[in-house]
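The values are calculated or read from the model by the stated rules, or taken from the named source; none is laboratory data. Every value quoted in this text rests on a predicted model; they were computed, and no experiment measured them. We place every Cβ from the backbone using ideal geometry, glycine too, and count neighbours over all the protein chains shown. Ligands, DNA and RNA are excluded from the accessible area calculation, which covers all protein heavy atoms including side chains. Shrake-Rupley method; radii C 1.70, N 1.55, O 1.52, S 1.80 Å.
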Amino acid sequence: QVQLAESGGGLVQPGGSLRLSCAASGAIFSINNMGWHRQTPGKERELVAAVSSDGSSNYADSVKGRFTASTNNGKTMLYLQMNSLKPEDTAVYYCYANVIERAGLRVRAYWGQGTQVNVSA
């Protein structure tokens, strides 16, 4: 089994910064790509940032220039540095990873449990 565990959410004032972390563990052979989604009540989950296997990243237009996603060399950690936060960034943030499992080398998508980010004065 594979687990993804997010941390770093919380309450921040508009204009502030937060750094989210996502730790991948378990029976991982390798990770193809990872990223972050977010969801607010009544809305569909939306892609925030994605990091490809070659290390390149892309972002939702709403967060470009403010958010930066990165991984460590082994892709066991995923980060999301969020700057200049706005109230509309308030959401539950989920990390995901497309994992090649050690057993059978199957490719499967995994999600973390989510971490709440609240941007409010």
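Quick rundown of the values:
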read-out	value
Counting DSSP beta bridges with both ends in the chain, the antiparallel % (nearest 5)	95
Max mean-square fluctuation residue, GNM over the chain, Cα-Cα springs under 10 Å, options 55, 16, 104	104
13 Å beta-carbon shell around residue 83, net charge (K/R +1, D/E -1)	+3
Probe 1.4 Å - accessible area at residue 111, Å² to nearest ten	110
Modelled label reach - residue 17, point 7 Å along Cα→Cβ, the stretch 69-104 residues with backbone N closer than 19 Å	69-72, 78-87, 89-90
Carbon/sulfur fraction of accessible area - the chain, other protein chains in place, 1.4 Å, %	48
Rounded accessible area of residue 43 (nearest 10 Å², 1.4 Å probe)	140
Rg over Rh [alpha-carbon atoms, Kirkwood Rh] for the stretch 41-99	0.96
Area of residue 61 that stays accessible when all protein chains are in place (1.4 Å probe, Å², to 10)	130
Under-5 Å amide H pairs with residue 31, H placed in peptide plane, nonlocal only	100
Probe 1.4 Å, protein heavy atoms only - accessible area per residue of the chain in square angstrom	52
Reach of residue 64 by Cα under 21 Å, taken over lysines that are not fewer than 8 positions away in the same chain	43, 86
Rounded D (µm²/s) - the chain, Kirkwood Rh over Cα pairs, Stokes-Einstein at 10 °C, 1.306 mPa s	110
